[in-house]
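Presented below is the structure to which this report refers.
The values are calculated or read from the model by the stated rules, or taken from the named source; none is laboratory data. These numbers come from a predicted model, not from an experiment. Cβ sites come from the backbone with ideal geometry, for glycine too, and all protein chains shown count toward neighbours. Note: accessible area is taken over every heavy atom of the protein model, side chains too, but ligands, DNA and RNA are not part of it. Shrake-Rupley method; radii C 1.70, N 1.55, O 1.52, S 1.80 Å.
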Amino acid sequence: MQQPIIELKNVTRSFTRGGGLLGGTPQRIDVLRNINLTIKPGEITCLVGESGCGKTTTGKIIAGLLPPSMGEVIYQGQNLSQLDKRAFSSYRKTVQLVHQDPYAALNPTQTIYAILSGPMFRHKLVKNKREALRSVSELLETVDLTPVEDFIGKHPHQLSGGQRQRVVVARSLILEPRLIVADEPVSMLDVSIRLSVVGLLRRLQAETQVAFLFITHDLAMAKYFGTGGNLAVMYLGEIVEFGPAETVIGEPKHPYTQALLRALPEPDPELTRAKEPVALRSLDIPDLAALPSGCTFHPRCPNYMQGICDGDVPGLVSQPDGRRVACYLYADGRGDTETRKDLA
Ligand code: SF4
């Protein structure tokens with residue numbers, strides 16, 4: 001069996017709110033709870049959920065920018081917190097992050113050549129300017145910024161948003177990563193160019209076999225990017241459904257996934273009009289500092305079962321079709337006891 005690139009094992013991440021200069025009693029907020037996620041070489045995993053559900057925190061932990069408060073991050077079989085300096089630096093090269101905001105991700109005072117050649121010189125991938133020019137030109141061609149002469153001497157502000165994001169993608173490829181964490185990579189771009197940038201990422205994935213963690217609030221984007229890969233649906237800091245993207249999207253099981261999909265517009269306006277949205281019991285998303293007991297979706301869930309859903313936290317339970325769902329509607333209505341014990 002192929003060794004995973006990254007494994008999150010029961011990862012929890014907490015922050016403190018209040019106290020200090022802000023006054024009041026400091027409050028611990030668990031923005032991620034008991035996350036288990038495995039990404040294997042060449043695999044696409046889409047992480048979907050509403051804003052503030054913990055997707056970006058998960059991405060930062062995987063990219064090594066944030067340590068977990070509890071649990072383990074395993075990189076190629078080794079616990080990340082136990083890597084020596086050299087191994088950690090190799091990990092940081094292996095896992096690259098594509099930021100949401102191409103405007104902030106690029107140094108405005110540098111040319112595209114300087115932005116892309118800087119890491120090449122730093123990591124001794126090129127020996128002189130001639131080699132750097134050749135490598136930067138190849139990278140620009142890879143991300144379809146051609147003719148190269150039109151871009152290489154420009155500054156980021158002279159490019160469009162889509163072109164800037166292509167430069168960010170080009171930079172993420174310099175060290176030949178094995179995993180790219182793309183955090184909402186197109187959400188700040190014009191709708192008209194989003195598909196072309198996502199198409200570029202798909203092409204690069206197919207050509208280089210780099211694994212992707214594609215983070216998005218947009219289920220339609222996940223549907224487009226995640227074909228052939230896995231889809232993890234996150235709600236309030238927990239993964240509530242995980243499985244092959246086609247299976248989860250084709251026949252969602254968790255009531256939250258069903259609600260997300262039912263709210264998705266269809267290309268045909270007639271079909272969109274014909275879709276009935278899921279009638280949630282409440283539109284309010286609970287505060288992370290005061291989470292509901294049991295299943296955190298229970299105050300909104302149309303399938304809520306009193307005395308069951310508000311009791312223990314449901315665990316992710318394997319289903320016969322290969323997916324995992326955290327909901328008492330499945331697995332005898334009580335979930336998997338062992339998993340629930342782990343998660344409680
Ligand atoms: Fe709804 Fe209960 Fe399932 Fe939670 S466990 S999603 S409240 S049916």
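Numerical summary
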item: Cβ pairs under 8 Å, 6+ apart, first in segment 70-92 and charged (D, E, K, R), second in a helix (DSSP H, G or I); result: E72/L80; E72/S81
item: Segment 281-312 - residue that is closer than 26 Å to G250 by Cα and touching a helix residue (DSSP H, G or I) at 6+ places or on another chain (Cβ under 6 Å) and, of those, most open to solvent (accessible area, probe 1.4 Å); result: N303
item: Test: residue in segment 165-173 that is open to solvent by 10 Å² or more (accessible area, probe 1.4 Å) and outside any helix (DSSP H, G or I); result: no
item: Residue count, segment 174-191 (criterion: open to solvent by 20 Å² or more (accessible area, probe 1.4 Å), of a type in the set (G, A, S) and modelled with pLDDT of 90 or more); result: 0
item: Per-region count, segment 263-307, residues in a helix (DSSP H, G or I) and within 19 Å of A326 (Cα to Cα); result: 1
item: Segment 89-118, residues that are within 16 Å of I152 (Cβ to Cβ) and surrounded by 15 or more Cβ atoms within 10 Å (Cβ to Cβ); result: L106, T111, I112, Y113, A114, I115, L116, S117, G118
item: Entirely in segment 1-67, the strands (runs of 3 or more DSSP E) that have 1 or more residues that are modelled with pLDDT under 95; result: 6-17, 27-39
item: Meets criteria (hydroxyl-bearing (S, T, Y) and out of contact with any Pro (no Cβ under 8 Å at 6 or more places or on another chain)) for S318; result: yes
item: Residue within segment 241-260 that is within 10 Å of the ligand (Cβ to nearest atom), in a loop (DSSP other than H, G, I, E, B) and aromatic (F, W, Y) present; result: no
